[in-house]
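Report on one structure; see the data block that follows.
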């Protein structure tokens, strides 16, 4: 009976901790396309939205908890075609151009104080990826990726829309030993609280 109570307490502790963690996390995924003639870069990026400023400028060195996932596939370029993951990039830049962007709508074309977001100028924000080296595409100008680390065709952002969220890996099941350890931790915390309250009561008396 005592072991069952400990297991039940441990399970309740794990569920509560997981729920609290889930409540704090707010991943948001965007699908994007850069185009330039026959060359195209299609991909997706998942931000932890609680770590992103909107409005604001987000210069994010990688790896970083603000970027949970990133992948880009380049095709049709004279060089640098292929699929590239988050490890192929050293930094992400996401700037709203002074506007509060509506993430539920197409981002390209939304109004900013300087013009339509996505316009390749210095006054309309930016979304760019900076490569660690070839053959990944590299940001060479506002809203502009250039294939093969800047040595091939330029591609301008033509679409960026909210997509499906980050797929989370399933939480592994806890075995009896892990549950017992958690239960002991919970029990120890309870004993410490009781002793502190008892000590405070005796001093007050």
According to a simple spin-label model (label point 7 Å from Cα along Cα-to-Cβ), what is the distance in nm between residue 123 and residue 91?
-> 2.4 nm
With labels modelled as points extended 7 Å from the Cα through the Cβ direction, what inter-label distance (nm, one decimal) is found for residue 161 paired with residue 79?
-> 3.5 nm
At residue 140 and residue 31, where each label point lies 7 Å from the Cα along Cα→Cβ, what is the point-to-point distance in nanometres?
-> 2.8 nm
Cβ-based exposure ranking for 42, 74, in which fewest neighbours within 10 Å come first = 42, 74
Tell me, in nm to one decimal, what length is gained between residue 103 and residue 132 on full extension, where the rule is 0.36 nm per residue of separation less the Cα-Cα distance?
-> 7.6 nm
Can you list, largest first and rounded to whole Å, the semi-axes you get for segment 25-162 by taking the square root of 5 times each eigenvalue of its Cα gyration tensor?
-> 22, 17, 12
Model label zone, residue 38; criterion: amide N under 11 Å from point 7 Å along Cα-to-beta-carbon; scope segment 71-89 | 76-79
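None of the figures in this text is laboratory data; all of them are computed from the coordinates on show. Just so we're clear, the structure is a prediction, and the values are computed from it rather than from any experiment. All Cβ positions, glycine included, derive from the backbone under ideal geometry; neighbour counts span all protein chains shown.
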